[in-house]
Each structure stands twice: as structure tokens, then as C-alpha cells.
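Step one of this worksheet: look at the structure below.
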Amino acid sequence: MTMTDTPTAMNRLGRLMVDRPLLPLIGLLILLVAVLAILNPGVLSMFWASNTLKIAIPLAMLAACQTMTMLTGGIDLSVGTAATIAAYLTATLAPLIGVPPAIAIALAAAILIGLVNGFGIAICRVHPLIMTLGTALIATGCLLVYQRYVIATGVLIPDFLLWLGTGRTLGLPNSLALFIPFAILVIWAQRRSGFGRLLYAIGANEAAARLSGVRVWQVHFTLYTLSSLIAGVTGLLYLGQIKTASLSLALPLDLPSVAAAVIGGTSIFGGRGGYGGTIVGALILTVLTSMLTLMQIPEGGRRILFGLIILAVTALFIRLTERN
Amino acid sequence: MKRWIEANTWTLGLAVLLAALLLLTKLIQPDFGASGLDSLARAALPFALATVGMAIVVIAGGIDLSIAAMMAVASVTGAVLMDGASDGQSVVIVIGVLLLGLAMGAINGALIVVSKVPDIVVTLAMLFVWQGVALLILNAPGGGAAAWLRALSAGGVPGIDWLPRAVVFLAIVTAVIWIPIRRSKLGLRLYAIGSDPLAAFRSGVPVGQTRIIAYALCGLFAALGGLSVTMSTGIGEPIPGPYLLASVAAVVLGGVVLGGGRGGLLGPILAVFILRTVRMDLTLLSVDPNVAAIIEGTIMVAVVMFGAVLATRGRKT
């Protein structure tokens, strides 16, 4: 920025978004809530806010996987599957072998998906999009086979997951008890820890990172394993929230989790973005969905608007930040 | 030269693999013949058309996640309009649906070029849009298909009974659309922008325009794929089928490099038939369909891993 620059409104907004990407996103969120309040006066309440938070949290947690993998220029499309498998295993194994072993097996299964992803991406150097789609396909097949053997055992959802998923304390959803430490940890890890710095370094320039002595394959391997573990934990939370074990529980969250990270300003090419924006992105998507539902548009129209708004927000973000 | 041989070795290998698989099928099921080939080809047709569309976009350096949703739009539009239409009308309708496919693809491409948003994000957003459009046109499976259209892909070619019409249909459609393009400047441009957009731009290639054309072609093949779904079932299907993942996998298996600039259409088409034959063999062996899905997925992932390892080796030496 030189003195000769004549900062226009657009330029200034763009600079603001580069420096403080959270502000315009929060502005958009407030705008959406305002529109919602005008469309349907009386809908805004403490109950509504806590409900929105509750719905947004699993999405935001899955979007953490996308944010971290996207920082390195990758993507993880197996998170919905990993979450679903963890939830289904917990619910069906709990009546047979007790809750703690069931959860241990469920998380182990999620981690296994991550290990396979990590092996393919880090060691065989397969494109993350292909690798994670492929493991998702295989894992779904395994789940379908598994389901035939447990169909008779019944389903038990552990009480503490129900408490975490649906309970409220002082009007706030209990899932915040899991989410707030999680979010702080992720943001801290991204900004302050060596691992977080490595993610940005690989995403910004993988060759340069390798030449400066980063063992890129180890980072990728850890990253995709961690991503699946987070997805597995999310699956447990989601199980408590939805209260049914279905074979496609968290699958509809796959693509919205990518959208939440993208709206939050994380670049899909890597090197830029952060989890703070993603959380706001997840909230924006949740408010948007409830707005479209309230407007009583048919399902088809809702999907069209959803897609167009994601596109418009991303395009605007890129247009504004690219000027600098 | 070496690269050219390498690329063709891959395609040749796929052809040999397919032949071996068909032979294996004959061993498993001694009376496997014309009708078996016919049902294989008919099941593979929508997958093959989707794969061809995807392959063109990937060669041009992009990816189109909305392909299955565009197929759904084409399928329901065709089925709704053709319900009760005369033969003459249905020809017009088919042409209209193909133009609609071109338009949908061109919209995808134009949005990518104009908005400068990464192609994955744009086509992800458009996936929701086209899904919504398909649902607005037709809420539940329904509609109809003209009799001549249904006859296009069913049964064998008159005179050569063992050759399924679906294969001939696929070959003609792909050849008529792709070969003139491949031989022209446009084909070179598609490969150029996939290989290195900056170098292509500096050599005077209109990068944006070429990218839009690549997506429009993908839309055209998606429309053909959607029509082929309507052709074989006789109704329109508003919920997108599993064509996205299958087409990306077949494109990669077929030797087209994600990132663009390398590969052809024959490899991906062969890969589609290989994947469908594997599935058919597993069904013939009366393997549980879910286990078959696991095996199919594992084969796909293993081949992709193997290919990636080979590619890395090749780059190092």
C-alpha cells in the first residue's frame, strides 16, 4: 500500500477481508439472521439460537477436517462415511459388549479409514480427492456387510452421548462442552504448533517445504489419520443428536462440510485460511438452511438457492481479496 | 516418443485386461453369450457416457462434480416431455435435451471462468443447483421414453447378433463428437490448457473460451448419459445415480492424469467396461452385492495407487 493509492470502498473492504477475514463473514451471518427475523418475526429466541448452534456443531467439526486437509491443498471426502461408521458401530456394538469397548472399536474403525487414506496419499501419492472417495466407497460396502450380521441385536445409544447431543444447560446445548475445547485446540494447533505451521508450509509450496527438510509424507499421513479420528468423534456426537443409527447418518454432511470451509475463506489450493472462518461458515450454512426451510420453498428450489448462495459468497470473497 | 508409447501401453494393457476378464466370464458361465454381452453393455452405457464427459474436462485441466446431477436433469427433462409424444416430436425433444446439456455445461464453464472460483467449488455448488432443477422438473421417478429411443440400446445389431447395440451407439456417438474435435485446433487447445494454462495463454490460446467449451462438451455427454438412463429404464430419474465417483475412477484408471493434459478417451471407456465386467463376474459367482462393492472399490483404489506409484517413479528417473 503506497501513499499514491487511492483506496476505494472496494479496495478497503478487500484489505479488511485479507487482514481480518472473520469480520465480513460475521457481518454476513448477522445479515442472514436479520433477513430471517424480517421474514419470520418472532422466530429469533434463545431456543432458536441454541438450536442453530446445536445443528451447526457437527457440521463445523467435520469442516475442521476439510479446513486442515485443504490447507495442504488436499480434501477429505471420506469424513461423512467415517462419522457414519463410528456412529453405527457404537450404537450396534454397545448392547453386545458394553459402551466403552464399543466406542473404542468405533474410533479404531474411523482411524483405520484414515490410515488407509494416509497410506494412499502420503506414500503412493494418489490425489486426495480420488483416494478419500475410494476409501469412502469401500468403507460403505464394509458397513453394509456388517449391518447384515447385527440386524437382530438392537440398538443402544449411550446416555452420555444423548446428554451431549440433545441436552441443554442454562439454555445452551451441551455439545458446546465438546466443541469449545475442540475449536480452541484446532485453532491453537493451526496457529501455534509446529504441525499447524507445516500444514501451511506444504500448502503454500510443497517443493519448498520438502527442500527445507519437512518430511511431507509424515505430515500427510498424520493429517489424514487425524482427520478421520475427528470425523469419528463427530459421528459419536451426531449419533447422540439424531438418536437413530442409520447407514447414511452423516453422509449428507460431506459436501456441506467442504462448503463451510470454502465459505470460511480457506483456499482449496492450500496455504490460506483458518478454522475461525470455517466455524462462521458452518453457522452461515446452518442459518441459510433454516431460512430456506422457513420460506417454504419446495425441496428443489431450496437446493438451487443453496448452491447459488455458496457460489456467490465464494466468488465475492475471492473477488474482494484478490485486489490486494 | 517414450511418453507416447507409455500412454498407449496403458490403454493396451486395459484392452488385454478386459479381454481376459471376458474370457474369465465365459469360464465362470459357459453359456455367457450375446444376451450377457448385451446386458453388460446396456448397464455400462450411462457410466461410459459420463466417463467420456468427465475425461474431456479432466484432459482440459478441470473436474466436474455436477456431472451426475446434470445427467438427472437431462433424464427427467427427456422423460417428462416424451411422455405421450409422437415419434417426430420425440426427435425434436432429444435434440432439445442435448442442447440443454450443452447449455448446462457451458453455464458451469462460464461460471468458473467469470467468477475465478476453483472448478471443484463451482461444480460442487452447481451440483446442488442441478439436483434442485431435476427435482423441480420431476419429483419422483416417472415420465416415458419413445419406442425408437428405447430400441437404440436394446439387443444386438441386426446381422451381427453378438455385437450389442449399446456398444455401437457409444462408439458412434463418441466418434462423431470427439474425433473431429481431437483432430482440429480445438482438440490441441483442450490439451494445451490442461497441460499448462499459462503457456497456452502465451501461445495465443483463448483459455477461458476453451475451458467453457470443455465443460459444454462434458454437459453434452452428461445429457447423452441421462438420456441413456431414460432409454434403458423407460422413465426419468430425478435422484442422481452413482455416476460421479464411478466416472472419476474410470477416468483415472483409463490413464487420464488428474490435472490435465494427458490421456485419451479410449482408455477411460475400456476402464468402464472393465469395472462393469468385474461387477458382473462377482454377481455371476453369486457374491453378496455389498461384498462385490467392497471388492470393486478395493480394485479401483489399488489400481489408482499402483498408477500413482508408477507415475512418481517415472517423474524421478
Selection from region A:122-135 of residues over 10 Å from residue B:301 (Cα atoms) and either at the interface with chain B (Cβ under 8 Å from one of its Cβ atoms) or aromatic (Phe, Trp, Tyr) (or both) yields A:124, A:125, A:127, A:129
Check on residue B:152, in contact with a Lys or Arg (Cβ under 8 Å, 6 or more places away or on another chain) and surrounded by 14 or more Cβ atoms within 10 Å (Cβ to Cβ): yes
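Each row is one residue, and each column tells you yes or no for (1) in contact with a Leu (Cβ under 6 Å, 6 or more places away or on another chain); (2) in contact (Cβ under 8 Å) with a residue 24 or more places away in the chain.
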{"residue": "B:31", "(1), (2)": "no, no"}
{"residue": "B:37", "(1), (2)": "no, yes"}
{"residue": "B:48", "(1), (2)": "yes, yes"}
{"residue": "B:78", "(1), (2)": "yes, yes"}
{"residue": "B:84", "(1), (2)": "no, yes"}
{"residue": "B:94", "(1), (2)": "no, yes"}
{"residue": "B:100", "(1), (2)": "no, yes"}
Test: residue B:222 is surrounded by 22 or more Cβ atoms within 10 Å (Cβ to Cβ), under 12 Å from the mean Cα position of the chain (by Cα) and either at pLDDT below 85 or within 22 Å of residue A:136 (Cβ to Cβ) (or both): no
Residue identified as under 30 Å from residue B:283 (Cα atoms), of a type in the set (Gly, Ala, Ser) and at pLDDT 85 or above among B:34, B:60, B:55: B:55
Looking only at helices (runs of 4 or more DSSP H) that lie completely in region B:202-317, which have at least 1 residues being out of contact with any strand residue (DSSP E or B) (no Cβ under 8 Å at 6 or more places or on another chain) and within 10 Å of chain A (Cβ to nearest Cβ)? B:243-253, B:289-316
Hits in region B:192-219 - residues which are among the hydroxyl-bearing types (Ser, Thr, Tyr) and modelled with pLDDT of 90 or more: B:210, B:215
Scan of region A:141-166 for residues that are under 30 Å from residue A:177 (Cα atoms) and out of contact with any Phe, Trp or Tyr (no Cβ under 8 Å at 6 or more places or on another chain), ordered by number: A:154, A:155, A:156, A:157, A:158, A:159, A:160, A:161, A:162, A:163, A:164, A:166
Hits in region A:248-266 - residues which are closer than 23 Å to residue A:137 by Cα and assigned to a loop (DSSP other than H, G, I, E, B): A:248, A:249, A:250
So which residues in region A:281-301 are within 7 Å of another protein chain (Cβ to nearest Cβ) and crowded, with 16+ Cβ neighbours inside 10 Å, if there are any at all? A:300, A:301
Tally of residues being touching a Pro at 6+ places or on another chain (Cβ under 8 Å), more than 22 Å from residue B:134 (Cα to Cα) and not β-branched (Val, Ile, Thr) across region B:231-256: 4
Considering each of B:97, B:133, B:92, B:129 in turn, give the residue that is modelled with pLDDT under 90 and among the β-branched types (Val, Ile, Thr). B:92
Residue that is modelled with the highest pLDDT, among those in region B:256-309 that are under 14 Å from residue B:47 (Cβ atoms) and of a type in the set (D, E, K, R): B:276
Restricting to region A:165-216, what's the tally of residues that are among the charged types (D, E, K, R) and surrounded by 14 or more Cβ atoms within 10 Å (Cβ to Cβ)? 4
Among the residues listed as B:32, B:47, the single one being more than 23 Å from residue B:265 (Cβ to Cβ) and touching a Lys or Arg at 6+ places or on another chain (Cβ under 8 Å): B:32
What number of residues within region B:95-138 are part of a loop (DSSP other than H, G, I, E, B) and either facing another protein chain (nearest Cβ under 7 Å) or closer than 15 Å to residue A:309 by Cα (or both)? 3
Output the number of residues of region A:194-243 satisfying the condition of being farther than 19 Å from residue A:272 by Cα and either in contact (Cβ under 8 Å) with a residue 60 or more places away in the chain or not in a loop (DSSP other than H, G, I, E, B) (or both). 23
Might you let me know whether region A:74-96 holds any residue that is over 21 Å from residue A:257 (Cβ atoms), hydrophobic (A, V, I, L, M, F, W, C) and part of a loop (DSSP other than H, G, I, E, B)? no
Being out of contact with any helix residue (DSSP H, G or I) (no Cβ under 7 Å at 6 or more places or on another chain) and among the hydrophobic types (A, V, I, L, M, F, W, C), is that true of even one residue in region A:264-279? yes
Which one of these does residue A:143 not meet: (1) modelled with pLDDT under 85; (2) over 28 Å from residue A:218 (Cα atoms)? (1)
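The values are calculated or read from the model by the stated rules, or taken from the named source; none is laboratory data. Model, not experiment: these values are computed from the prediction. Cβ sites come from the backbone with ideal geometry, for glycine too, and all protein chains shown count toward neighbours.
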